[in-house]
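Here's the structure we're looking at; comments come further down.
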Amino acid sequence: MKMKTITKIGEMRSAVKALKSQGKTIGFVPTMGYLHEGHLSLVRESIKKADSTVVSVFINPAQFGPTEDFEDYPRDMKRDSEILEKEGVDYLFVPEVKEMYPEGYKTYVEVCGFQDRLCGRSRPGHFRGVSTVVLKLFNIVNPDFSFFGQKDAQQAIILEKMVQDLDLEVKIEILPIIREEDGLALSSRNTYLNTEERRAALVLSESLGEAQKMIEKGEKDVESIISRMKEIIKGEPLAKIDYIEIVDMDNLNPLTSIGKKVLVALAVFIGKVRLIDNVIVHTKE
Ligand code: AMP
């Protein structure tokens, strides 16, 4: 089947209803476009797992702060559409902002507590925007499965909580971070980096690699791990730490001592570009 592009909510709903009436399962991958291999890993898993795959490309204004990069966020719809068609996606959903948030729009979803930590502290309102748009998209697409990247660890945890708390039927799957060969996590925002900044951006994955090594060797003291990470990042003049935290995977609470399964997460400005990355580390005891 040739990929169909849909811009209207009503049309998306009808397409989904038709698929469901044929007994087909639906996999859904929400994105903001400017696709890379990270996105495509989710798309491929959806195609493998579900009978039909819907991908959305929607740059959601509700998740950008007033001084953030909504206007400048990279866009290339033609390329995205060609890539998705080649992958074998069934439906591409690209609503306009006024379709998703018509004049007078008032309703927002908050996953209280979880949304104010880590990235939420430096991006107030960000996760409220994310949860709101994802719930709206779930209501429109009615997927059986939806696929998200571990790259946005806090987003994944928040959305899993939203699905649990609101009794949604969709099953969320979180897939591993796809990286460049040198370790940099793929991100649409990497395109903002100049050559010098691209090199400097390696401090994110390097410091996470060091944290992982320390934990695997038995280091339990969170403060020592974070201070070693800070040392690595501060060695790079173009880098400025937004946050580094080691938290409990279940509730995002900061830890003082390493437990069985921890999330090491950080956000670092490289020049003006804010990048995030993380690693989950398991220990034996
Ligand atoms: P975005 O377009 O940035 O909103 O991302 C759409 C989806 O792709 C989200 O679930 C992200 O977590 C996921 N994603 C982005 N970058 C990566 C990556 N490097 N590896 C795996 N998943 C990713």
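The values are calculated or read from the model by the stated rules, or taken from the named source; none is laboratory data. From a predicted model like this one, the values you see are computed outputs, not experimental measurements. Cβ atoms come from the backbone with ideal geometry, glycine included; neighbour counts cover every protein chain shown.
Determine, yes or no, whether Glu181 is closer than 30 Å to Asp72 by Cα, without any contact (Cβ under 8 Å) to a residue 12 or more places away in the chain, within 16 Å of the ligand (Cβ to nearest atom) and not in a helix (DSSP H, G or I). Give the derivation first.
Numbers: closer than 30 Å to Asp72 by Cα: yes; without any contact (Cβ under 8 Å) to a residue 12 or more places away in the chain: yes; within 16 Å of the ligand (Cβ to nearest atom): yes; not in a helix (DSSP H, G or I): yes.
In short, yes.
Name the one entry in Val89, Val109 that is among the aliphatic types (A, V, I, L, M), farther than 16 Å from Asp152 by Cβ and either within 16 Å of the ligand (Cβ to nearest atom) or in a helix (DSSP H, G or I) (or both).
Val89
Condition first: more than 12 Å from the ligand (Cβ to nearest atom) and not in a helix (DSSP H, G or I). Now tell me which residues in the range 145-164 satisfy that.
Selection gives Phe145 alone.
Counting just the residues of the range 40-51 that are surrounded by fewer than 23 Cβ atoms within 10 Å (Cβ to Cβ) and either hydroxyl-bearing (Ser, Thr, Tyr) or not in a helix (DSSP H, G or I) (or both), which one comes out nearest to the ligand (Cβ to nearest atom)?
Taking the candidates together, the pick is Ser41.
Could you tell me which residue of the range 123-144 is surrounded by the fewest Cβ atoms within 10 Å (Cβ to Cβ), considering only residues that are out of contact with any Phe, Trp or Tyr (no Cβ under 7 Å at 6 or more places or on another chain) and outside any helix (DSSP H, G or I)?
Among them, the one singled out is Pro124.
Can you tell me which of Arg79, Arg128 is of a type in the set (Lys, Arg), within 16 Å of the ligand (Cβ to nearest atom), more than 16 Å from the chain's Cα centre (by Cα) and over 19 Å from Val247 (Cα atoms)?
Exactly one of Arg79, Arg128 is of a type in the set (Lys, Arg), within 16 Å of the ligand (Cβ to nearest atom), more than 16 Å from the chain's Cα centre (by Cα) and over 19 Å from Val247 (Cα atoms), namely Arg79.
Output the number of the condition that Lys24 fails; it satisfies all remaining conditions of (1) in contact with a strand residue (DSSP E or B) (Cβ under 9 Å, 6 or more places away or on another chain); (2) in a loop (DSSP other than H, G, I, E, B); (3) within 11 Å of the ligand (Cβ to nearest atom).
Here Lys24 clears every test but (3).
Anything in the range 266-285 that is within 27 Å of Thr195 (Cβ to Cβ) and not charged (D, E, K, R)? List them, or say none.
Across the range 266-285, the qualifying residues are Leu266, Ala267, Val268, Phe269, Ile270, Gly271, Val273, Leu275, Ile276, Asn278, Val279.
May I ask you to list pairs of residues, at least six apart or on different chains, whose Cβ atoms are under 7 Å apart, with the first in the range 206-227 being farther than 12 Å from Val281 by Cα and the second being among the acidic types (Asp, Glu) and at pLDDT 95 or above?
Ile225/Glu219
Out of all the residues in the range 207-222, is one or more assigned to a helix (DSSP H, G or I), within 15 Å of the ligand (Cβ to nearest atom) and at pLDDT 95 or above?
Checking the range 207-222: at least one residue is assigned to a helix (DSSP H, G or I), within 15 Å of the ligand (Cβ to nearest atom) and at pLDDT 95 or above.
Going through the range 185-195 one residue at a time, which ones are within 9 Å of the ligand (Cβ to nearest atom) and not polar (S, T, N, Q)?
Ala185, Leu186, Arg189
Name the pairs: first residue in the range 155-178 and at negative phi and among the basic types (Lys, Arg), second residue away from the ligand (no atom under 14 Å from the Cβ) and not in a loop (DSSP other than H, G, I, E, B), Cβ to Cβ under 7 Å, at least 6 apart or on different chains?
Lys161/Phe114
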